[in-house]
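What follows is a set of notes on a single structure, which appears directly below.
The values are calculated or read from the model by the stated rules, or taken from the named source; none is laboratory data. Note that the structure is a prediction, hence the values are computed from the model and not measured. We place every Cβ from the backbone using ideal geometry, glycine too, and count neighbours over all the protein chains shown.
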Amino acid sequence: MMLGMSTLVVVVATVVGALLGYAFSGYVADAFATLPSEAGFTGLENDFATMYATVAGTGIATGLATPIVSGLLTVSIGQSVIGRRATVSEVWAQVGRRAWFLVGFSLLLGLAMVLFITVLVLLVVLAFAVDPGLGAFAVLLAVPAYLVGIVWVGTRTGLVPPALALEGQPFWSTVARVWRLTRGSFWRLFGIYLLAYVVVYVVAQLVVTPFSLVGGIALAAGQAFVSNLVTTLGVAVSTIALTLFLGSIVALLYIDVRMRREGLDVELAAAASEQPPA
C-alpha cells in the first residue's frame, strides 16, 4: 500500500516535471538555433529541445520528490518493524506536514552545490588570468576538490530526509543531529551509496536502452514526435523505479545507523511488545 503511495508521488513529480520542461522547451529551442550548423541540430531544434527540456524537468522534479519518498518509506518501515501496519492517511499525515522541510532540504543542498561549483570556477578563471600554467594546475585541483566535496557532503547529509520525516524536530536541529549521527560511519555509508548508484546506473541503462533504440528508429524515419514520446517515456519509467529503490535504501540506512549508534532496535523491540496482539 505504501509502495503505491510512494509510486504515486514519483509519478506526479515525473508528469509535472515533464510538463514544465515542455513549457520551457521553446527557450531551449532558441538556444539550439544559435548553434553553428556543424552541431547537427539544423531543422531539428524544436524536437531536440522538447526531448532535452522534458528530461531535465523530470530530473529536477523527481530530485525534489525523492526526499518525500524517503520520508514516506521511513515512516512506513518504522511502523512495520514494530509489527504495526500504518495506513496511508497516517503516514501522509506525519510526512505531509514536513514536506516543505523535505523539499527545502533538496533546494538548499542544490544551492550549496551551485555555490561550491561557482567558487571553484571563479578560482580557476582567476588562476588562468594570472598565468595559463597556473590555471591548468588549478583545474587539476578543482576537479578532485569538487568530487570530494560532493561525495563528503552528500554522504554526511544523506539521512536528513528520513530524519526530518520521522523525528519531527526543527530543521537545523535535525541536520546537525544527522551530521553527528553519521560521524564515524562515512566509509560504510559511502560504500553502500556507491553500490546503490552502480546498480541504479546499470538498471537505468537496461530500462532506457530499448526505448532509446525505438526512439532512434522513429527519429530516422522522420517521426520526431514519436521519438520524443518514446524517449521521455523510457526516462520516466526508469526514474520512477530507481527513485523508489534509492528512497528505500536511504530509509533502511537511517534505521540501521540509529540501531548501531543509538540502540534503536531495543526501543523498537519495546514498542513492539506494547502492541496489542493482532
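Among the residues of segment 186-216 satisfying the criterion of being of a type in the set (Gly, Ala, Ser) and modelled with pLDDT under 90, which is nearest to the chain's Cα centre (by Cα)? Residue satisfying both the conditions and the ranking: ALA204. Pairing residues of segment 192-214 that are closer than 30 Å to ARG156 by Cα with residues that are modelled with pLDDT of 85 or more and small (Gly, Ala, Ser), at Cβ distances under 9 Å and at least 6 apart in sequence or on separate chains, gives TYR193/GLY154; TYR193/GLY158.
The residues in segment 81-110 that are basic (Lys, Arg), surrounded by 14 or more Cβ atoms within 10 Å (Cβ to Cβ) and within 21 Å of the chain's Cα centre (by Cα) can be counted, and the count is 1.
In segment 159-182, the residue that is nearest to ILE255 (Cα to Cα) out of those that are part of a loop (DSSP other than H, G, I, E, B) and modelled with pLDDT of 90 or more is LEU159. Residue count for segment 110-141, restricted to those that are touching a helix residue (DSSP H, G or I) at 6+ places or on another chain (Cβ under 8 Å) and not aliphatic (A, V, I, L, M): 5.
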